[in-house]
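Reviewing the structure listed below.
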Amino acid sequence: AQKITQTQPGMFVQEKEAVTLDCTYDTSDQSYGLFWYKQPSSGEMIFLIYQGSYDEQNATEGRYSLNFQKARKSANLVISASQLGDSAMYFCAMTAPYGNNRLAFGKGNQVVVIP
Amino acid sequence: DTGVSQDPRHKITKRGQNVTFRCDPISEHNRLYWYRQTLGQGPEFLTYFQNEAQLEKSRLLSDRFSAERPKGSFSTLEIQRTEQGDSAMYLCASSPASGASSDTQYFGPGTRLTVL
C-alpha cells in the first residue's frame, strides 16, 4: 500500500517569492507516479504536475517544479514567483500502475500568499 | 473543452434519507473514480470503473453505498439511509485507460453533502 506524508503547518508566503512544499512517500512498488494537486476554497482538485518513478529529470510545468529524490522517497513541489491566486491547499498523491491507478493522497499543505 | 462535471454541487439532507450524485467524465476517458474527502483530510478512494465494469471498491464503501456506470459514460453514487458521518465532499475523477502511471486523473468540482 502507498502512503503519503505531508506534515508542514500552514504557510504564509510573500507574493513573488518561491515556496517549497514537502512530500514524502512510502511504497514497495518499483513503478509509480507522483502527482501534485491544488484545491482552492471552491473545492475542485486541479492537476498541477506529474513525476514518474523512472523519470530521471525533475518535472516542470510553468511555475511549478517537482524536486524528486527517489532514494529519499521525497517529491517536493516548488512554486516560483507566488501569486495571490496560488492561495490554496496543495495535495501530494501517488499511484501504482497495478492498483488500478487509484490515488493515495496526503493530508495537504495550506498556502496563503500575502501581498 | 468539457471537463468532469458533477451534480448537484451541494446537497443538504436529513439523516435516514437517500441521496444520489451524478458524475459526467471527460468524454474520451474510460476510467472513472469516486473519492470522499472529509474536513482537513485528503481525498480517500471509494470505487473505480473501467467502462461500465466496477473493478474495485474500497472498504470505506459500506453496503449503504452503491455506484453504477450503466453505459460506460456517466456514473451515479447513491447513499442509502444517510448518517451524519456521511457528511463530506464527494469527488469524481476520470482518466484514460492505458494503465500507465502517467494517466492523470482530472477531477470534477465535487458534491458537498451535509447530513443533518
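The values are calculated or read from the model by the stated rules, or taken from the named source; none is laboratory data. Just so you know, these numbers come straight off a predicted model, no measurement behind them. Cβ atoms come from the backbone with ideal geometry, glycine included; neighbour counts cover every protein chain shown. We work out accessible area using only protein heavy atoms, side chains counted, and drop any ligands, DNA or RNA first. Shrake-Rupley method; radii C 1.70, N 1.55, O 1.52, S 1.80 Å.
Give the residues of the stretch A:37-50 that are closer than 17 Å to B:PRO43 by Cα and within 11 Å of another protein chain (Cβ to nearest Cβ), sorted by residue number.
Correct list: A:TYR37, A:LYS38, A:GLN39, A:PRO40, A:SER42, A:GLY43, A:GLU44, A:MET45, A:ILE46, A:PHE47, A:LEU48.
Do we have A:ALA93 as part of a strand (DSSP E or B) and either away from chain B (no Cβ under 11 Å) or open to solvent by less than 20 Å² (accessible area, probe 1.4 Å) (or both) here?
Yes.
Just the residues that are open to solvent by 60 Å² or more (accessible area, probe 1.4 Å) and within 12 Å of chain A (Cβ to nearest Cβ), please, taken from the stretch B:1-29.
B:ARG9, B:HIS10
Going by what's in this entry, would B:GLU78 be described as open to solvent by 60 Å² or more (accessible area, probe 1.4 Å), among the charged types (D, E, K, R) and away from chain A (no Cβ under 11 Å)?
When the stated conditions are applied, B:GLU78 does not pass them.
Working carefully through the options A:LEU66, A:LEU21, find the one that is more than 30 Å from B:ARG9 (Cα to Cα), open to solvent by less than 20 Å² (accessible area, probe 1.4 Å) and modelled with pLDDT of 90 or more.
None of the others qualify; the one that does is A:LEU66.
Has the stretch B:34-41 got any residue that is touching a strand residue (DSSP E or B) at 6+ places or on another chain (Cβ under 6 Å), within 11 Å of chain A (Cβ to nearest Cβ), under 18 Å from A:ASN101 (Cα atoms) and open to solvent by less than 10 Å² (accessible area, probe 1.4 Å)?
There is at least one residue in the stretch B:34-41 that is touching a strand residue (DSSP E or B) at 6+ places or on another chain (Cβ under 6 Å), within 11 Å of chain A (Cβ to nearest Cβ), under 18 Å from A:ASN101 (Cα atoms) and open to solvent by less than 10 Å² (accessible area, probe 1.4 Å).
Can you confirm whether A:ASN76 is of a type outside the set (A, V, I, L, M, F, W, C), touching a residue at least 24 places away in the same chain (Cβ under 8 Å) and more than 12 Å from chain B (Cβ to nearest Cβ)?
Yes.
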